[in-house]
Structure formats: C-alpha cells, structure tokens
1. From the gyration tensor of the Cα coordinates in region 217-329, what semi-axes in whole Å does the equivalent ellipsoid have, largest first, with each one equal to sqrt(5λ)?
2. Identify unpaired cysteines across the chain, taking unpaired to mean no other cysteine Cβ lies under 4.7 Å from the residue's Cβ.
3. As a test of the formula, what do you get for the chain when each DSSP H run with n ≥ 4 contributes -39,500 (n - 2.57) and the sum is divided by the residue count, at 222 nm and rounded to the nearest 500 deg cm²/dmol?
4. What percent of all Cα-Cα pairs in region 168-242 falls in each 10 Å bin, counting up from 0?
5. Hey, fewest Cβ within 10 Å first, where do K190, K326, K210, K107 land in order?
6. Output the peptides 140-150, 218-228 sorted from most to least packed, where packing is the average of other Cβ atoms within 10 Å over each peptide's residues.
7. Helix 254-263: angle to the longest alpha-carbon principal axis of the chain, degrees 0 to 90, nearest 10?
8. Measure nothing fancy, just the Cα-based angle from helix 180-202's long axis to the longest principal axis of the chain, in degrees from 0 to 90, nearest 10.
Amino acid sequence: MASQPIGIAGAGAWGTALANAAAAADNDVVLWMRSPEQAQELAATRSNERCLPGVTLHDRIRPTADLNELAACRAVLLVTPAQTTREVTAALARVLPSATPLLLCAKGIERGSGAFLCDVVEEVRPGAPVAVLSGPSFAHDVARGLPTAVTLACRDAALAEALANALSGPALRVYHRGDVRGVEIGGAAKNVLAIACGAVAGKGLGESAKAALIARGFAELLRFARAYGGEPETLMGLSGLGDLVLTCSTAQSRNFAFGQRLGQGMSVAEASGGKLVEGATTASALVALARAKNIDMPIAEAVEQVLSGAWTLEQAVDALMNRPIKSEH
Ligand SMILES: NC(=O)c1ccc[n+]([C@@H]2O[C@H](COP(=O)([O-])OP(=O)(O)OC[C@H]3O[C@@H](n4cnc5c(N)ncnc54)[C@H](O)[C@@H]3O)[C@@H](O)[C@H]2O)c1
Ligand SMILES: O=P(O)(O)OC[C@H](O)CO
C-alpha cells in the first residue's frame, strides 16, 4: 500500500509544488495534466517553466497526460482551479477505484450552485473518501523547500492522519483535523478578503487600514464559519487566520496583487494580469451564502460590489467607514 504513488491532478503552480513536496516526503508521484505536449515538456526538461519557473522537478515525479495512470495511486490530490472541481472530479470518477481518497487543494466556492467544494466532490463521487488541504502556503515557497505548515481535514480521523503523514516531509509539516467545513471555508473566504487588503495597499490607505481589514475580516470569517458548521478553533489556526494573514500581507499573493492593481486604478478585467484569482470568482458565491443566513460580512460585500461594478473603490471605503458605530464583539 505504502509503495503506491501519490497522484496529483493539475500541474499548475500549486500542483507542481505539491508534487515536489510529496516526492521529498519519500513518495513516487504521478503528476497528471490535460495537455500531452506539456507532459512531454515537463518529462524532457524536468521543469514547469510556465507555472513555476526556476524549480527543478524531483526525480520521483512522473508527468503524464493519461488520466488512467492515476488509477493505481493510493490518494489523488485535486489541484485545478475551484470552478473546475465538478468537471475534473467527474473525469477522475471514471478512472479511480471508489475507495481512492480525493484530497481537494483548491480554494473556493462553486459559482452558480454556491456549493462548498467538498460537497461537489461528494455529490459526484458519492461515498468515496474526501479530504481537504489548506493553509498559508505559496507554491514557490513549497517548491523551493522553504518551511511551510498546512492543515489537512477529513471526517475519517485515521485517514486524515495517514494522509498528513504521507505528505509531511523535510519542509512541509501537515497537521490533521476533522473539521472539513472549517478548513475549506478559511481557504475560500480569505481570498476575497485579500482582494480588499490589496486594494487598500494599491490606493495608499496605509498600514493601519490594512491591519483593521485583517482583524475585521477575521471576524467575518468566524461569523461565516459558525453559521455554516465550521469550528471556530479551526479558523484560529493555519487554514483560517494563518492563511488570511499571509494572503493579506504581500503582493506574492495573486489575490492581493489583483486588489492592489484595482487600487491603483486598473479595471477588473485588466487587474488579474491573466493569472488565477480565486477570490474574484468566489466573491459572489460567498456573499450570496452570507446573505442567505443574514451573516454580516461588510468587507466581503464591498469586494463583491466593486467587482460587479456597482460601487467604485471610493464608495466601498465610504460604505465601510460610515456604518453605524457598534460594539466590537
Ligand atoms: N499557487 C499557490 O501558491 C497556491 C497555494 C495554495 C492553494 N492554491 C490553490 O490551488 C488551486 C490551483 O492554483 P494554481 O496556483 O495551481 O493555479 P495555476 O493557474 O497555476 O494552475 C491551474 C492548473 O489547472 C489546469 N486546469 C485548468 N482547468 C483545468 C481542467 N478543466 N482540467 C484539467 N486541468 C485544468 C491549468 O492548465 C493549470 O495547469 C487554486 O484553487 C489555488 O487557490 C494555490
Ligand atoms: O496567490 P494566491 O492569492 O492564490 O494565494 C496562494 C495561497 O492560497 C496562499 O496560501
């Protein structure tokens, strides 16, 4: 069993970084991508210059474009954009044995349905084991072997522990937990809040405003998680506060950088720079879920209003600053 490889579906920045980390943790790794040309290129050059420039692929990684090669893996990490979760899970369901655990590594909420990604996976592969991996972790840091700690959640405690052990290595420390909902909420919501922090930086509104956004954004995270069944302790850990602080701190984050460019005056269409900005695609679903349960999330709401074109950034700042004065907690 332990000699079976770890499978990774999706060879973008995060999939490639996780492949290197899993290999460094003494696993053979099958790295699947949809493009045969890209698989050939990765196998020949041993690098993924498009998504993770300057990083050498570990010897134990086998790139492939044949989905069937994931069938013999002991677990498969799903590392494609959040909005492709349903489609890629359906493709995986056709080749994987039903007992193979799927470990969700994307951060987001499905648009349209408003479904949490673990629920999407469970809907497509009923009864099959599902887990989620999240926490403060930039692909470039993990791929270069810089020390990183993340959380892996699964309702099956023994499986959570086994997967955490399998993926933990010299530079990646994986904690385990049972609160799947809390862990996935932290990852999905922090991306939306990071857009607001980036906009504050881009507009030059100061470090005090940024700290206020992180603290009040965390209060929104906690309210949302409580209402949707996540445990507050989870949100206080790596996958909540940890990832919120990381993503709200630096333009190394694509969500922060997107917000920063909005703050500097770029349009929503220009600001992504062609990069994946999960907070921008999740904002409307997050806000719709919050409204459905009357959860007060003014920062997430302001991000959504700006992205939809209903408010300018100036109107968003006014709306946040002119709310009625209230007790902090
Ligand atoms: N990059 C990071 O530092 C990082 C860290 C933690 C979590 N994540 C999360 O991981 C997810 C992926 O991020 P990323 O940085 O790897 O993005 P990316 O844009 O670098 O890569 C996404 C990959 O998915 C592939 N893809 C897209 N649609 C597909 C489909 N329908 N079928 C198969 N493959 C498809 C693309 O070809 C690309 O290789 C996101 O949800 C992100 O929030 C990223
Ligand atoms: O670059 P971002 O904003 O997608 O963030 C990457 C990771 O989620 C950070 O933990």
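Computed from the coordinates by the stated procedures, all read-outs in this text should not be read as laboratory data. Here the structure is a predicted model, which means the values were calculated and not measured. FYI the Cβ positions are ideal-geometry reconstructions off the backbone, even for glycines, and counts take in every protein chain you see.
1. In descending order, the three semi-axes are 23, 18, 13 Å.
2. Unpaired cysteines in the chain: C51, C73, C105, C118, C154.
3. Calculated at 222 nm, the ellipticity per residue is -14000 deg cm²/dmol.
4. 19, 43, 27, 11, 0
5. Fewest to most other Cβ atoms nearby, the residues stand as K326, K210, K107, K190.
6. Packing proxy ranking, top to bottom: 218-228, 140-150.
7. Orientation of helix 254-263: about 30 degrees from the principal axis.
8. 50 degrees
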